[in-house]
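Okay, so here's the structure we're looking at.
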Amino acid sequence: MSPGTIDVQQLETARWRLLAASDAADSRVFSAELALVAGDLSGTGEPCWDAWAAAFTARAALLDGDVDAAAAAVATARAALERCHPTSERALTLAYLAHVEVAADRFDAALHLAVDASLLADQVAAEDPSRPLHQAHHWLSLALTRLDLEELAVAQALRGVQVAAALPDLGDQWQLLRLCAQQHAELAQTVHRRGEHRRCAELADVAVRCATAARELPWEPTDADSDLLDVVQAWAMTLRGELDDALPPLRRVRRHLGVLLQSSGLPGDLTVAETLQTWAGTLTAPRPVAEALAQVQLADRADRRVRSLSGGERRRLDLALALLGRPRVVVLDEPTTGLDPESRRQVWRLVRELVADGAAVVLTTHHLEEAEELADRVAVLRAGQIVLAGTQAEIAETQPATIRFTLDDDAPQPPRPAAAQVVTEGRRIEWHTRALQPVLAELLAWAAEHGVVLRALEARAASLEQAFLAVAAGTETTPSA
């Protein structure tokens, strides 16, 4: 789009579509949406729309794993915003940028953006309620939650609910009420752990009221949004001590959950097909038995009795039962225990297919290779407590990289870089470092200058296995911000 030919309505439509896609759990939704509307946002010559173009570029770069490009795009967006008037539109852009910076683990930058957005949102609150102001509170609440500033997050969510109530869009009202309920329930859980039971009850009350208000709106949410509200409402009721009242919403969600336990205790006298047919009778919309058998390569065992199955075949039958109801959330407890290598890789393929189809999979395993193959995020437990959590790269980065090499007998000893820790010295040298590239570059430059051959040179980044062993030894560190 060239300057002088700006279609504001088209730009606003593109912006709202990308904000909605940014809120989606599947990052591919945002990437697909950006590909459709990027041309509408680029090259407008208007600083506020140029800021949005840069903000969405930052989000896309972050999804591609290019943190530096994301940071540069955020800087471009902030520079463009300096030429924009102090309006709710600008507050919304700042709030969205804060959310992007939180996702990039740039917490200081995110906090500064959130403060600027919050101050501006308060400044323009006297204006007529608007969708940009409502969305500014929405994105501020999300960013502050990720910054562990829960009290501020719930305050922003409440303000967003107040703004949304004055707007005609029932969908916006519903989403802010759901968010407000969720964040109050989360904070209630936090203060409950601290023993602040009165404050917990107050927050849970607000969560239940928001959830109830959302249900009373003449608005039909998606099944996923409705299920999330069920969970939030049940969670808040539980925190209020209303266990019986919490059961109905949890039952509504249960139909979307598939669970594979380590041991199922299936009746041995039933055939494989009879077992699946019996379980299908308890489900709302089960997949056909023949499809379930084919999914786990048990079609040729349909008439075999369960007690005559091998350990690996019984494990695959357990998995077929867990997936029979077409669940959207799948919990797999040691799914490949007892499987041969070929069957294990078939299960891995199945898990990837589930994720590709939009299911969320929670998997426990003692096999690091399995975690590396399948997991987007990893949590490492010790004595029942989560010790490390993050992406594989984030967890690996809690441990130093390793540089190893061997010197000839007549070679001089290299100077130790300041960023390296000496593990072994002499002819066979090993260093640990958290700055692998600069330390390796310094070593290679020294070797070239002195004509030294570094034999059997290894430079290896830290691995998930290394982090796991550190947890076992009690020497782990948490991922850095």
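Filtering region 190-229 to residues that are assigned to a helix (DSSP H, G or I), over 13 Å from Cys180 (Cα atoms) and hydroxyl-bearing (Ser, Thr, Tyr) leaves Thr190, Ser226.
Scanning region 462-475 for residues that are of a type in the set (A, V, I, L, M, F, W, C) and surrounded by 14 or more Cβ atoms within 10 Å (Cβ to Cβ) returns Ala462, Leu464, Ala467, Phe468, Leu469, Ala470, Val471. Of the listed requirements (1) without any contact (Cβ under 8 Å) to a residue 60 or more places away in the chain; (2) part of a strand (DSSP E or B); (3) more than 25 Å from Ala459 (Cα to Cα); (4) not acidic (Asp, Glu), Leu339 misses just one: (2).
With the condition kept exactly as written, say whether any residue in region 383-394 is modelled with pLDDT of 85 or more, of a type in the set (A, V, I, L, M), under 30 Å from Leu63 (Cα atoms) and within 27 Å of the chain's Cα centre (by Cα). No, region 383-394 has no match at all.
Within region 195-217, residues that are within 18 Å of Ala155 (Cβ to Cβ) and assigned by TED's automatic domain parsing to the domain that holds Thr238 reach partners that are outside any helix (DSSP H, G or I) and not β-branched (Val, Ile, Thr) with beta carbons closer than 6 Å, at six or more positions or on different chains, in the pairs Ala204/Arg240. Determine whether region 431-443 contains at least one residue that is closer than 29 Å to Val102 by Cα and among the basic types (Lys, Arg). Yes, because at least one residue in region 431-443 is closer than 29 Å to Val102 by Cα and among the basic types (Lys, Arg). Within the bounds of region 374-389, is there any residue that is surrounded by 18 or more Cβ atoms within 10 Å (Cβ to Cβ), of a type outside the set (A, V, I, L, M, F, W, C) and free of Cβ contacts under 8 Å to residues at least 40 places away in the same chain? Among the residues of region 374-389, not one is surrounded by 18 or more Cβ atoms within 10 Å (Cβ to Cβ), of a type outside the set (A, V, I, L, M, F, W, C) and free of Cβ contacts under 8 Å to residues at least 40 places away in the same chain, which makes the answer no.
Residue-wise test of (1) in contact (Cβ under 8 Å) with a residue 12 or more places away in the chain; (2) in contact with a Gly (Cβ under 8 Å, 6 or more places away or on another chain).
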{"position": "Ala51", "(1), (2)": "yes, no"}
{"position": "Ala54", "(1), (2)": "yes, no"}
{"position": "Leu63", "(1), (2)": "yes, no"}
{"position": "Ala75", "(1), (2)": "no, no"}
{"position": "His138", "(1), (2)": "yes, yes"}
{"position": "Asp148", "(1), (2)": "no, no"}
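When residues in region 265-293 are screened for being surrounded by fewer than 16 Cβ atoms within 10 Å (Cβ to Cβ), at negative phi and of a type in the set (Gly, Ala, Ser), 4 of them pass.
The values are calculated or read from the model by the stated rules, or taken from the named source; none is laboratory data. None of these values were measured; they are calculated from a predicted model. So basically every Cβ, Gly included, is an ideal-geometry build from the backbone, and we count neighbours across all protein chains shown.
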